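**Student:** Let me give you the structure first, and then I'll get to my questions.
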2 protein chains.
Amino acid sequence: MNRSTPTPPTGTDAGLAAALRMAVGRLARRLRAQRPDSSLSLGQGSVLFALARHGKMTPGALADHEKVQPPSMTRIIAALEARGLVRRMRHPDDGRQQLVEITEEGSRLVAADQQRREAWLTRRLAELSQEDKEVLRRATEILDRLSQS
Amino acid sequence: MNRSTPTPPTGTDAGLAAALRMAVGRLARRLRAQRPDSSLSLGQGSVLFALARHGKMTPGALADHEKVQPPSMTRIIAALEARGLVRRMRHPDDGRQQLVEITEEGSRLVAADQQRREAWLTRRLAELSQEDKEVLRRATEILDRLSQS
DNA sequence: ATGACTCATTACTTTTGCTAACGATGTCTC
DNA sequence: GAGACATCGTTAGCAAAAGTAATGAGTCAT
């Protein structure tokens, strides 16, 4: 029953919450450590990826999407813009807002960096059974839902 | 308010890796924000919980277990010790090492704090279907395995 | 007994997020 | 239309958490 891995009692919602929280924290740290120097931070990558997927978005929408406060998003966008990966435009209808758009170079980086950035995790995933990966695929959706709620 | 759910293409290992990485990052941020002031940090809680489960451990083993560098673990242990939740002992066989042990008060806090600490996540989990929770239960184990490998 | 290695710690830096306050723009009411 | 109010993004200042490099104490093989 008890492996070397920490396996809290997941029988109750609270127990599952404890175990999940720790697992998520550890994996987040691990992923951060795995990040190559030349690459983007977790937050930057997440935003760039969102832009690649969803097209233009306002900073506010991005902040909402990423569950960070607007000032944090300002910083992330500024970093991306400084590297030429993202471009700002005035919102056509509302002068207060802006639209952030991924640049050509940003798109290339997303594509090229994808493999490098997720290399470690991808390798790990490749070692899993098809069944385990299916569990993670479904869990990812659930986790996203949790974060949004 | 919430736009389209961020659902990267999870068909490939790399796509799943990207989606999982972002989901984990977001949830980690969300959990961090949800933490009450009077309580332990994520790292502290995780360490205390590990000690409650595994008994005495050396700082190095804890750092390894938590995927943190030794100095970070030193800080976490110091914080826990300052609050009387943890006690240090000399290693019987090796003077370089120490053994960290949870105190009575630490154990009490683990038990009492558990519910408060995971309150938000527990609430969210309670809203999920039994099937979703089962997915997360299995995913938690897989995530732990990933972090360790 | 000494030189290399290991473990934990200290000192310093980096990363990353937060809150509060501000300026610019839009909206609403009279 | 003009002034009050709200909204959006930014700036400024701060705090938490983790990383790297260097230090000190202890162990072990030769």
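Read-outs throughout are calculated quantities, based only on the coordinates presented, and are distinct from any laboratory measurement. Everything numeric in this text was worked out from a predicted model, so none of it was measured. For neighbour counting, all protein chains shown are included, and Cβ atoms are generated from backbone atoms with ideal geometry for every residue, glycine included.
**Student:** How big is the charge dipole of the stretch B:28-149 about its Cα centre, in debye rounded to the nearest 20, if each Lys and Arg gets +1 on its Cβ and each Asp and Glu gets -1 on its Cβ? It would help to have the intermediate numbers written out before the result.
**Tutor:** Working: 22 positive and 17 negative charges, 64 e Å.
Rounded to the nearest 20 debye, it is 300 debye.
**Student:** Other chains' Cβ within 10 Å of B:26-36 residues: what's the mean? Kindly include the intermediate steps, with their values, before the conclusion.
**Tutor:** Details: counts 14, 11, 12, 9, 8, 8, 3, 3, 1, 1, 0.
Per-residue shielding by partner chains comes out at 6.
**Student:** Additional query: So if I place +1 on the C-beta of Lys and Arg and -1 on the C-beta of Asp and Glu, and nothing else carries charge, what would the dipole magnitude of the protein assembly as shown be about its Cα centre? I want it in debye, nearest 20.
**Tutor:** 520 debye
**Student:** Which residue, A:P36, A:P71, A:P92, tops the fluctuation ranking in a GNM of chain A built on C-alpha contacts under 10 Å?
**Tutor:** Per the Cα network of chain A with a 10 Å cutoff, A:P92 tops the list.
**Student:** Order B:42-54, A:121-133 from most to least packed using the mean count of other Cβ atoms within 10 Å.
**Tutor:** On the way: B:42-54: 21.2, A:121-133: 15.3.
Most protected by this proxy first, the peptides run B:42-54, A:121-133.
**Student:** Tell me, what is a quarter of the convex hull surface for the C-alpha atoms of the stretch B:1-113, in nm² with one decimal? Working shown, then result.
**Tutor:** Numbers: hull surface 40.1 nm².
Directional mean of the projected Cα hull area for the stretch B:1-113 stands at 10.0 nm².
**Student:** Return the whole-Å distance between the Cα centroid of the stretch A:72-149 and the Cα centroid of the stretch B:82-149.
**Tutor:** 30 Å
**Student:** Sticking with this one: List the relative contact order of chain A as a percent without decimals, with contacts defined as Cα pairs under 8 Å and 6+ residues apart.
**Tutor:** On the way: 110 pairs, mean separation 27.6, N = 149.
Contact order relative to length: 19 percent.
**Student:** Per DSSP H run of n ≥ 4, the term is -39500 (n - 2.57); total these for chain B, divide by its residue number, and report the mean residue ellipticity at 222 nm rounded to 500 deg cm²/dmol. Walk me through the intermediate numbers first.
**Tutor:** Numbers: 7 runs with 97 residues, N = 149.
Estimated from H runs of four or more residues: -21000 deg cm²/dmol.
**Student:** Using the crude model of +1 on Lys and Arg Cβ and -1 on Asp and Glu Cβ, and no other charge, please compute the dipole size for the stretch B:16-100 relative to its Cα centre, in debye to 20.
**Tutor:** On the way: 15 positive and 6 negative charges, 66 e Å.
Taking the Cα centre of the stretch B:16-100 as origin, the dipole is about 320 debye.
**Student:** Just tell me how shielded B:123-129 is by partners: mean number of partner chain Cβ atoms within 10 Å of each residue's Cβ, no decimals. Can you show the working numbers first?
**Tutor:** On the way: counts 3, 7, 9, 3, 4, 6, 1.
Whole-number average of other-chain Cβ neighbours for B:123-129 is 5.
**Student:** Shape of the protein assembly as shown from its Cα gyration tensor (a ≥ b ≥ c, root eigenvalues): rounded if a/c is under 1.5, otherwise prolate when a/b > b/c, or oblate?
**Tutor:** Values: a/c = 1.81, a/b = 1.74, b/c = 1.04.
In terms of gyration-tensor shape, prolate.
**Student:** Let me ask another. Of B:T12, B:T74, B:T103, which is the most mobile in a GNM of chain B whose springs link Cα atoms less than 10 angstrom apart?
**Tutor:** B:T12
**Student:** Sticking with this structure for a sec: Apply the a/c threshold of 1.5 to the C-alpha gyration tensor of the stretch B:9-63 and tell me whether it is rounded, prolate or oblate. Provide the component values of the computation, followed by the final result.
**Tutor:** Working: a/c = 4.01, a/b = 1.66, b/c = 2.42.
Since a/c reaches 1.5 but b/c is at least a/b, the shape of the stretch B:9-63 is classed as oblate.
**Student:** Then there is this: How many Cβ atoms of partner chains, on average, are near each residue of A:42-55 if near means within 10 Å of its Cβ?
**Tutor:** Numbers: counts 7, 4, 0, 4, 8, 1, 0, 6, 4, 0, 1, 5, 3, 0.
Shielding by partners across A:42-55 averages 3.
**Student:** Among B:G60, B:I77, B:Q44, flag the residue with its Cα farthest along the positive direction of the charge dipole of the stretch B:39-117, charges on Cβ as +1 for Lys/Arg and -1 for Asp/Glu.
**Tutor:** Value computed over the given set: B:Q44.
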